[in-house]
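Here the structure is laid out as C-alpha cells; the discussion comes afterwards.
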Amino acid sequence: MAKKDYSSLSKEDLLNVLEQIEAKKKYGLVWDEERVPEKVVAECRESLPVLTEDKHKAINSNEQDITHLLIEGDNFHALSVLNYTHKGKIDLIYIDPPYNTGSKDWKYNNDYVDENDTWRHSKWIQFMFNRLTLAKNLLTEDGALIVAIDHNEQENLGILLREMFGNKEVTCISIVHNPRGIQGNNFSYTHENAYFVYPKGDFISPIKRSEEDYEWENLRNWGGDSERKDGKSMFFPIVFKNNILVEVGSVPSDDFHPEAAYEVLDNDLIKLWPIDNNGIERKWRYSIDSLSQIKNKVRLEKIKDYYQAQLLKDTDRPKTVWTDSKYDANIYGTQLLAEIIDAKFPFPKSLFTVKECIETVVKNKPNALILDFFAGSGTTGHAVLEINKEHGGHRKFILCTNNESNICSEVTYPRIQRCISGYDFKGKVKEILLEKKINFTLIKRGNIFAQELEKLAEEHSAKYSEIKKEINGQFFRLIGIKDIDGRRDGYGGNLRFFRAAADSFVKQNANKDQLRIDVSQRCTEMLCLKEDIYNLVDEDINYKIFKQGQRYLAIYYDFGGLQLEQLKKRMNEFYGDKILYCFTLDPQGLDITNFADWENIRIEPIPQKILDVYKRIFKIN
C-alpha cells in the first residue's frame, strides 16, 4: 500500500485525520510501556551482561557425552548473552512463567505485584514482551515455543503470542493438572493451559496408538476436493497380491481413463485405481513417494462387491485436552521432587506434562536443543534426560533461573545434579509394566487379556516386591512396585554451571577502544558456551586453549600480539576442528592473511560481534 502524503494538509485537516485514525477500532494489546518500564532493560544499556562459570559445580561424567547448561541469574541477562552465543540455534523453548495471580508470588522491578496493583497486567505483559523479544531471535527457522499459563493471563498471553509470532500457528491446549480443583467462590479450576507456537503446516509429531486402538480407513480420498482434477499427481494405480500392496504405479496422461476401478491380472495380482463405487475418478490420500514409504500400512479388502484399499491408522494427533492422571502436579510434580531432593518448591509441574509437551515437538529430533528460561525446579531438564533415555538421541537443555529464595542453589541445581549422577533413595518406586486403553476391543478379549496379564505378572514377579492392577480414567495399567533401599541410577551426561551476576558485567565506556578491551577480557565463558567447548588444556598470560572431544578453542587476549607465534605453534600440535578467537581493536575484523600458515583453523574476531548484538537488542550507540 502506498504511503499517504499529508505534507500539504493544514493543521485543521491534520487534526481531523488524527481523530479518524484514533476512532478506528483496534485489535491487539496496548499497554503503557513508559509508565511501567522494566529496570533490568534500562540497566543493560549501562552494564553489558557477561557470564562467569562456577567450575566447582560442573558435572563431568564423560567428555564424549553431551553437555547441558544451567545459568543462574536474571533471565533477561541470560537471554541477552544467548543472543550472541545461540542465535538461531534453539529448536524448542519451553517456559512456565509466573502466573500473575496477584498473591505476591511475582516481582516486577524488585517489588511484589498484588491484586490491587492498577498496572498489574500491564507490568506482566511488558515483562513477557521483553523476554519473548529476545527469545524469538534464538529459535531455528523451524523452532517452536511452548508457554504454560493459567487463567489469570491466558487471554492476554494468547493475543501477545499472535502479535509477536504472526507467521506461526498458535494453539492453546488444556491440561488437567489438579483433578481435586482449586477452591474458589465460584468455579473450581482443575486445569491450566499451554500455548504451542510452531511453524505452519504439518509439524506436530503424531503419537503412537496402542494396538487395540488401531483403525483401518479408506486410502481413497472422499468429500470436498477429492476428485482427480483436484490432485492429478495422486491419481495412479496400485497393485496387490494376497491383499498386500506390492507395487505403486505411475500417473497416467490426462486423457487416460480406466475402464473399471480394479482389474485382475495374472499371478493373482489386482490393480486398483482411486475410483469410487459410483465410477467417479478420485485421488489417493498420499502421493507416489509418500505411499511407497508406507506400503506396509496398506491392505486390500473386499467390501460387498467392491475392492477397497485401506490404510492403517496407528498414530494419532495429540488432543487439545489432556486428562490422564500422570499430569497430576501433586503426585508427579511435588511428590516426585521430594523423592529427589530435600527441598520444597511451589507447584512444580508434573514430569509427564513437560515431557509430553517437549516430545510433541522434538521426539523426532534426536539432537534438539531445548531452552527453559523460567527453569524453576528444573522439570524441563529432568524431562529432556528422560526423553533421551526412552527414545535415544543427544538432546541438550539450557536452563536459566534466578536464585531468589535460593531456588537455583537449593532446588534447580541439586535436582539436575542428582538426575544426572544418581542419588540415594529409600522407598517404593512404581513402574508401568503395561498400559492399555479401556475400549470395546479390550473388553471383548476379556479372558484372553486376563491370561496375558497373569503371564506378564509372573515374568516380572522376581523383579518387583508387588505387582498390582489399577484402572485410572480411560486406562488399565499393570504396575510393578519396587522397594529400594540404596541408590537410584542417574541418566548420565555433563553439566556446566554459569552465572549472570550484575557485579561482573562490563560497564559502558565512552572510550570505545577501552570498552572493546574490557569485553574481550570478560568474554571467555561466553565463547566456551558459543562453541560448546569447556575443558581447559593450556593457558598462558595472554591466551587460553580449551578442548571438547576432538574440538579445540583458543582465545587470544594479547593486545600487543607478542605471543601469537607461541599460540600458533601450540595449536598446530592439535588434530581436529580448531577455532581461534583473536582480539582486535579494528571493528572491521582481522587481516586473515596474517593467519595463512595456521593449520586447519577457523578465525573469529572479538569483541565487535558481541558489541553489535548488544547494540541491536539494547538500542545503544
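The values are calculated or read from the model by the stated rules, or taken from the named source; none is laboratory data. Remember, predicted model here, so these are calculated numbers, not experimental data. Quick reminder, even Gly has a Cβ in these numbers, built from the backbone with ideal geometry, and neighbours come from all protein chains shown. Protein only, heavy atoms only, side chains kept; ligands, DNA and RNA dropped before computing areas. Shrake-Rupley method; radii C 1.70, N 1.55, O 1.52, S 1.80 Å.
What are the residues in region 1-29 that are modelled with pLDDT under 75, in a loop (DSSP other than H, G, I, E, B) and within 30 Å of THR118 (Cβ to Cβ), if any?
LYS24, LYS25, LYS26, TYR27, GLY28
Return yes or no: is ASP65 under 29 Å from GLN154 (Cβ atoms) and of a type in the set (Asp, Glu)? Working first, answer last.
Numbers: under 29 Å from GLN154 (Cβ atoms): no; of a type in the set (Asp, Glu): yes.
No: the conditions fail for ASP65.
Kindly indicate which of VAL354, VAL321 is open to solvent by 60 Å² or more (accessible area, probe 1.4 Å) and touching a strand residue (DSSP E or B) at 6+ places or on another chain (Cβ under 8 Å). Even if it seems obvious, please write down each step before you answer.
Details: VAL354 fails: open to solvent by 60 Å² or more (accessible area, probe 1.4 Å).
After ruling out the rest, the residue left standing is VAL321.
Could you list all residues from region 605-621 that are of a type outside the set (Phe, Trp, Tyr) and crowded, with 16+ Cβ neighbours inside 10 Å?
Of the residues in region 605-621, the ones of a type outside the set (Phe, Trp, Tyr) are 605-613, 615-617, 619-621.
Answer for region 605-621, where residues must be of a type outside the set (Phe, Trp, Tyr) and crowded, with 16+ Cβ neighbours inside 10 Å: PRO605, ILE606, PRO607, GLN608, ILE610, LEU611, VAL613, ILE617.
Within region 394-412, is even one residue open to solvent by 20 Å² or more (accessible area, probe 1.4 Å) and within 20 Å of the chain's Cα centre (by Cα)? Lay out the reasoning, then the answer.
At the first step, the residues of region 394-412 found to be open to solvent by 20 Å² or more (accessible area, probe 1.4 Å) are 394, 396, 402-407, 409-410.
With the extra rule that they be within 20 Å of the chain's Cα centre (by Cα), the set shrinks to 394, 396.
Yes, region 394-412 contains a residue that is open to solvent by 20 Å² or more (accessible area, probe 1.4 Å) and within 20 Å of the chain's Cα centre (by Cα).
Of everything in region 456-480, what is without any contact (Cβ under 8 Å) to a residue 60 or more places away in the chain and either surrounded by 14 or more Cβ atoms within 10 Å (Cβ to Cβ) or under 30 Å from ASN402 (Cβ atoms) (or both)? Give them in sequence order.
LEU456, ALA457, HIS460, TYR464, ILE467, PHE476, ARG477, LEU478, ILE479, GLY480
Determine whether LEU157 is touching a Ser or Thr at 6+ places or on another chain (Cβ under 7 Å), touching a residue at least 24 places away in the same chain (Cβ under 8 Å) and in a helix (DSSP H, G or I).
Answer is no for this residue.
On the given criteria, is GLU263 at pLDDT below 95 and farther than 24 Å from GLY223 by Cβ? Show your work before the answer.
Working: at pLDDT below 95: yes; farther than 24 Å from GLY223 by Cβ: yes.
Criteria met by GLU263.
Hey, can you tell me all the residues within region 231-268 that are open to solvent by less than 60 Å² (accessible area, probe 1.4 Å), aliphatic (A, V, I, L, M) and part of a loop (DSSP other than H, G, I, E, B)?
Our first condition is that a residue be open to solvent by less than 60 Å² (accessible area, probe 1.4 Å); within region 231-268, this holds for 231, 234-240, 245, 248-249, 252, 258, 260-261, 265.
Imposing the further condition that a residue be aliphatic (A, V, I, L, M) reduces the set to 234, 238-239, 245, 248, 260-261, 265.
ALA260, ALA261, LEU265, listed by residue number.
Could you check region 335-352 and list, in sequence order, the residues that are out of contact with any Gly (no Cβ under 8 Å at 6 or more places or on another chain) and more than 17 Å from ARG418 (Cα to Cα)? Before the answer, list the steps.
Filtering region 335-352 for residues out of contact with any Gly (no Cβ under 8 Å at 6 or more places or on another chain) gives 335-338, 340-344, 346, 352.
Selection gives PRO346, PHE352.
So which residues in region 483-532 are without any contact (Cβ under 8 Å) to a residue 24 or more places away in the chain and either basic (Lys, Arg) or in contact with a strand residue (DSSP E or B) (Cβ under 7 Å, 6 or more places away or on another chain) (or both), if there are any at all?
Within region 483-532, LYS512, ASP518 meet the criteria.
Collect the residues in region 463-502 that are among the small types (Gly, Ala, Ser) and in contact with a helix residue (DSSP H, G or I) (Cβ under 9 Å, 6 or more places away or on another chain), keeping them in residue-number order.
Residues of region 463-502 among the small types (Gly, Ala, Ser): 465, 473, 480, 486, 490, 492-493, 500-502.
Across region 463-502, the qualifying residues are GLY473, GLY480, GLY490, GLY492, GLY493, ALA500, ALA501, ALA502.
If I filter region 290-305 down to residues being over 14 Å from LEU245 (Cα atoms) and of a type outside the set (Lys, Arg), which single residue comes out as most open to solvent (accessible area, probe 1.4 Å)?
Once the filter is applied, the top-ranked residue is ASP305.
Which residues, counting only those in region 533-546, are part of a strand (DSSP E or B) and without any contact (Cβ under 8 Å) to a residue 60 or more places away in the chain? First the steps, then the outcome.
We begin by selecting, within region 533-546, every residue part of a strand (DSSP E or B); these are 535-539, 543-546.
Within region 533-546, LEU536, VAL537, ASP538, GLU539, TYR543, LYS544, ILE545, PHE546 qualify.
Open to solvent by 60 Å² or more (accessible area, probe 1.4 Å) and either of a type in the set (Lys, Arg) or within 30 Å of ILE438 (Cα to Cα) (or both): does that describe ARG282?
On the way: open to solvent by 60 Å² or more (accessible area, probe 1.4 Å): no; either of a type in the set (Lys, Arg) or within 30 Å of ILE438 (Cα to Cα) (or both): yes.
The answer is no for ARG282.
Go through region 421-455 and give me each residue that's over 35 Å from the mean Cα position of the chain (by Cα) and open to solvent by 90 Å² or more (accessible area, probe 1.4 Å).
Residues satisfying the conditions are PHE440, ILE443, LYS444, ASN447, ILE448, GLN451, GLU454, LYS455.
Name the residues in region 64-98 that are in a loop (DSSP other than H, G, I, E, B) and under 20 Å from the mean Cα position of the chain (by Cα), would you? Steps first, please.
Step one: of region 64-98, the residues in a loop (DSSP other than H, G, I, E, B) are 64-66, 74, 86-89, 96-98.
ILE66, HIS86, LYS87, GLY88, LYS89, ASP96, PRO97, PRO98, listed by residue number.
Anything in region 92-112 that is in contact with a helix residue (DSSP H, G or I) (Cβ under 9 Å, 6 or more places away or on another chain), charged (D, E, K, R) and surrounded by fewer than 20 Cβ atoms within 10 Å (Cβ to Cβ)? List them, or say none.
Answer for region 92-112, where residues must be in contact with a helix residue (DSSP H, G or I) (Cβ under 9 Å, 6 or more places away or on another chain), charged (D, E, K, R) and surrounded by fewer than 20 Cβ atoms within 10 Å (Cβ to Cβ): just LYS107.
Restricting attention to region 199-215, does a residue exist that is assigned to a strand (DSSP E or B), within 26 Å of the chain's Cα centre (by Cα), farther than 30 Å from PHE256 by Cα and without any contact (Cβ under 8 Å) to a residue 60 or more places away in the chain? Give the steps one after another, and end with the answer.
Looking only at region 199-215, we keep the residues that are assigned to a strand (DSSP E or B), and these are 199, 207-208, 215.
If we keep only those that are within 26 Å of the chain's Cα centre (by Cα) too, we end up with 199, 207-208.
Cutting the leftovers down to farther than 30 Å from PHE256 by Cα gives us 199, 207-208.
Next, from what is left, pick out any that are without any contact (Cβ under 8 Å) to a residue 60 or more places away in the chain: 199.
There is at least one residue in region 199-215 that is assigned to a strand (DSSP E or B), within 26 Å of the chain's Cα centre (by Cα), farther than 30 Å from PHE256 by Cα and without any contact (Cβ under 8 Å) to a residue 60 or more places away in the chain.
What number of residues in region 113-153 are within 26 Å of SER188 (Cβ to Cβ) and open to solvent by 10 Å² or more (accessible area, probe 1.4 Å)?
Step one: list which residues in region 113-153 are within 26 Å of SER188 (Cβ to Cβ), which gives 113-117, 120-121, 124, 146-153.
After this cut, where a residue has to be open to solvent by 10 Å² or more (accessible area, probe 1.4 Å) as well, the list is 114-117, 120-121, 150-152.
Residues meeting the conditions: 9.
Which one of ASP558, ASP597 is farther than 29 Å from HIS77 by Cα, in a loop (DSSP other than H, G, I, E, B), among the charged types (D, E, K, R) and modelled with pLDDT under 95?
On the way: ASP558 fails: farther than 29 Å from HIS77 by Cα.
Unique residue meeting the criteria: ASP597.
For ILE340, state whether it is within 30 Å of ASN83 (Cβ to Cβ) and aliphatic (A, V, I, L, M). Show your work before the answer.
Details: within 30 Å of ASN83 (Cβ to Cβ): no; aliphatic (A, V, I, L, M): yes.
So ILE340 fails the test.
Kindly evaluate THR379 against the criterion of being surrounded by 20 or more Cβ atoms within 10 Å (Cβ to Cβ) and either at pLDDT below 95 or under 21 Å from VAL429 (Cα atoms) (or both).
Values: surrounded by 20 or more Cβ atoms within 10 Å (Cβ to Cβ): yes; either at pLDDT below 95 or under 21 Å from VAL429 (Cα atoms) (or both): yes.
When the stated conditions are applied, THR379 passes them.
Could you look through region 497-530, keep only residues that are at pLDDT 90 or above and assigned to a loop (DSSP other than H, G, I, E, B), and pick out the one that is surrounded by the most Cβ atoms within 10 Å (Cβ to Cβ)?
Ranking the qualifying residues of region 497-530, first place goes to CYS523.
Could you grab the pairs with beta carbons closer than 8 Å, sequence gap of 6+ or different chains, first residue in region 97-126 and within 18 Å of GLN154 (Cα to Cα), second one hydroxyl-bearing (Ser, Thr, Tyr) and loosely packed, with under 15 Cβ neighbours inside 10 Å?
Filtered contacts from region 97-126: ASP105/TYR112; TRP106/TYR112; ASP114/SER103; GLU115/SER103.
For PHE397, indicate whether it is of a type in the set (A, V, I, L, M, F, W, C) and under 20 Å from SER421 (Cα atoms). Even if it seems obvious, please write down each step before you answer.
Details: of a type in the set (A, V, I, L, M, F, W, C): yes; under 20 Å from SER421 (Cα atoms): yes.
Judged against the criteria, PHE397 is a match.
Can you tell me which residues in region 576-589 are open to solvent by 40 Å² or more (accessible area, probe 1.4 Å) and more than 34 Å from the chain's Cα centre (by Cα)? Reasoning before the result, please.
Applying the first criterion (open to solvent by 40 Å² or more (accessible area, probe 1.4 Å)) to region 576-589 yields 577, 585-588.
Scanning region 576-589 gives LEU585, ASP586, PRO587, GLN588.
Residues in region 183-193: is at least one farther than 30 Å from PHE449 by Cβ and of a type in the set (Gly, Ala, Ser)? Break it down into steps so the answer makes sense when it comes.
Just the residues of region 183-193 that are farther than 30 Å from PHE449 by Cβ, to begin with: 183-193.
Then keep just the ones that are of a type in the set (Gly, Ala, Ser); that gives 184, 188.
The answer is yes; a qualifying residue exists.
Going by the structure shown, is SER80 of a type in the set (Ser, Thr, Tyr) and surrounded by 16 or more Cβ atoms within 10 Å (Cβ to Cβ)?
Working: of a type in the set (Ser, Thr, Tyr): yes; surrounded by 16 or more Cβ atoms within 10 Å (Cβ to Cβ): yes.
Against the criterion (of a type in the set (Ser, Thr, Tyr) and surrounded by 16 or more Cβ atoms within 10 Å (Cβ to Cβ)), SER80 qualifies.
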